[in-house]
Amino acid sequence: MRPLHRASSLSSFGDVLNPDEAQEPILARPVRSALLEWLTEIWAEKELVEVGLSPRRRAIFHGAPGTGKTTLAHHLAARLGLPLVAVRPDRVIECWLGQTGRNLGGLFDAAGPEPVGEGPVVLFFDEFEALAGKRVSGARNAEQERNATVDTLLQRIEAHDGYIIAATNYADHLDPAIWRRFDMHIRIDVPGQEERERILSRYLMPYGLPSRSLAALAESCETASPALLRQFCEAIKRNLVIGGRVGWDMGREATIRRILASVSPHPDLGKPALWARGLDDRAVEMIPWPLPYAEDVVDVSVEHAERVVPGEVVPLRRGQP
Ligand SMILES: Nc1ncnc2c1ncn2[C@@H]1O[C@H](COP(=O)(O)OP(=O)(O)OP(=O)(O)O)[C@@H](O)[C@H]1O
Ligand SMILES: [Mg+2]
């Protein structure tokens, strides 16, 4: 029987994200180098084959929530000019005996080469620990079923010729045999000072901060994830747009207080100084108010003055390092 059209069968297992929707993440140096190394290797496939090697095709991204694992996977697929199929565990895992394994079979078949599948994609498994957790010895049906899922996954990963990226917040929960099937294990940490400054600048656009005030704010956000930094910046902009209309006090302190009360870090991830000290943090009084537009800030450093509007698509093409 001819399989379903790929677009419909792959999308029944998750979200198909196209290259032109990808956003370029702001990465720390070690991750940037790992990414560049991988891409260079992929683009040098022909030369590698000539010496009996092939480019690595499987990577695990592990790190805290909101550090950009999904963003990076999507970006990487875009650099390869391929759609990213972000597999949703709830669309694959089923309680009926054997059904999860059959779903995995259908997924890998659909993601495979023609004529069975319909050409290359990057398969992305988010929350990978839900599918690939450590196998346990146990006689209960649920345990046997989970073990069988990992066995199926091992076989299908091994036989699959395309790119696979898996992401997890819990690297230590993954089955060791699964871990070994991946040739790269890239740890994504929370951003450092330089990356925090760039992330804040990006998401504050079209507003901007003078470099001293940006540096102070970024320092007070130490341990914050990119996701939290984005939420913080977007909350400021949202307040600036709607605050006046709903009659809020739009002074600096009142605005920052509202934002810190509505956007906060996950309790497990540590509290950046800005949230611990609140309005007493010195970075708050260093924010010029009313918040200036970036183009009006005289000493925005060139490096930080990305003219990228949040959400704007960064065009990426195959072969672009
Ligand atoms: N390195 C980055 N540069 C710029 N923006 C980022 C970066 N990392 C994350 N973001 C932004 O933070 C948000 C969360 O990112 P993402 O979903 O990629 O994180 P994640 O690590 O996959 O999280 P989870 O573990 O919860 O799945 C996104 O809106 C993304 O735009
Ligand atoms: Mg994610």
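For region 32-80 versus region 232-279, the spacing of their alpha-carbon centroids is 37 Å. In this structure residue 156 has an accessible area near 70 Å², from a 1.4 Å probe over the protein heavy atoms. Compared with the alpha-carbon gap, the fully stretched path from residue 20 to residue 142 is longer by 39.8 nm at 0.36 nm per residue.
Taking all protein chains together and rolling a 1.4 Å probe, residue 293 ends up with roughly 100 Å² accessible. Could you tell me the calculated FRET efficiency between residue 180 and residue 276, based on Cβ-Cβ distance and R0 = 30 angstrom, to the nearest 0.05? Computed FRET efficiency for residue 180 and residue 276: 0.15.
Mind running the shape call on the chain? Use the C-alpha gyration tensor, a ≥ b ≥ c as the square roots of the eigenvalues: rounded below 1.5 for a/c, prolate if a/b tops b/c, oblate otherwise.
prolate
By how many degrees, 0 to 90 and rounded to 10, does the Cα axis of helix 193-204 deviate from the longest principal axis of the chain? Value to nearest ten degrees: 80.
Calculate, for the chain, the solvent-accessible area per residue in square angstrom, rolling a 1.4 angstrom probe over the heavy atoms of the protein chains.
On the way: 16380 Å² over 321 residues.
Ligands and nucleic acids excluded, the result is 51 Å² per residue.
Summing -39500 (n - 2.57) over the DSSP H runs of n ≥ 4 in the chain and dividing by its residue number, what mean residue ellipticity at 222 nm do you reach, to the nearest 500 deg cm²/dmol? Can you show the working numbers first?
On the way: 15 runs with 143 residues, N = 321.
-13000 deg cm²/dmol, from helical runs alone.
Stretching the chain fully between residue 194 and residue 254 yields a gain of 18.8 nm (0.36 nm per residue, less the alpha carbon separation).
A cut-off of 5 Å between modelled amide H atoms, ignoring neighbours fewer than 5 places along the same chain, links residue 166 with 59, 60, 61, 125. Principal-axis analysis of the Cα atoms of the chain puts helix 69-79 at an angle of about 70° to the longest axis.
Net charge around residue 154, counting only other residues with Cβ within less than 14 Å of its Cβ (Lys, Arg = +1; Asp, Glu = -1)? Mind showing how you got there, number by number?
Details: positive: 58, 134, 135, 146, 156, 180, 181; negative: 151, 158, 175.
Within the 14 Å Cβ shell, the charges total +4.
Of all lysines in the structure, those lying under 26 Å Cα to Cα from residue 134, and not within fewer than 8 positions of it along the same chain, are 69. Take residue 250: with every protein chain present and a 1.4 Å probe, its accessible area is about 50 Å². Out of residues 5 or more away from residue 112 or on other chains, whose amide H comes under 5 Å of its own, with H placed 1.01 Å from N in the peptide plane? Here the answer is 117, 118, since their amide H atoms fall under 5 Å of that of residue 112. Each DSSP beta bridge with both residues in the chain is either parallel or antiparallel, and the antiparallel ones are about 25%.
To the nearest ten degrees, helix 29-43 and the longest principal axis of the Cα atoms of the chain are 40 degrees apart.
The values are calculated or read from the model by the stated rules, or taken from the named source; none is laboratory data. Values in this document were obtained by computation on a predicted structure and should not be read as measured data. Because the Cβ atoms are built from the backbone with ideal geometry, glycine has one as well, and the counts that use them run over all protein chains shown. Accessible surface areas use protein heavy atoms only, side chains included; no ligands, DNA or RNA. Shrake-Rupley method; radii C 1.70, N 1.55, O 1.52, S 1.80 Å.
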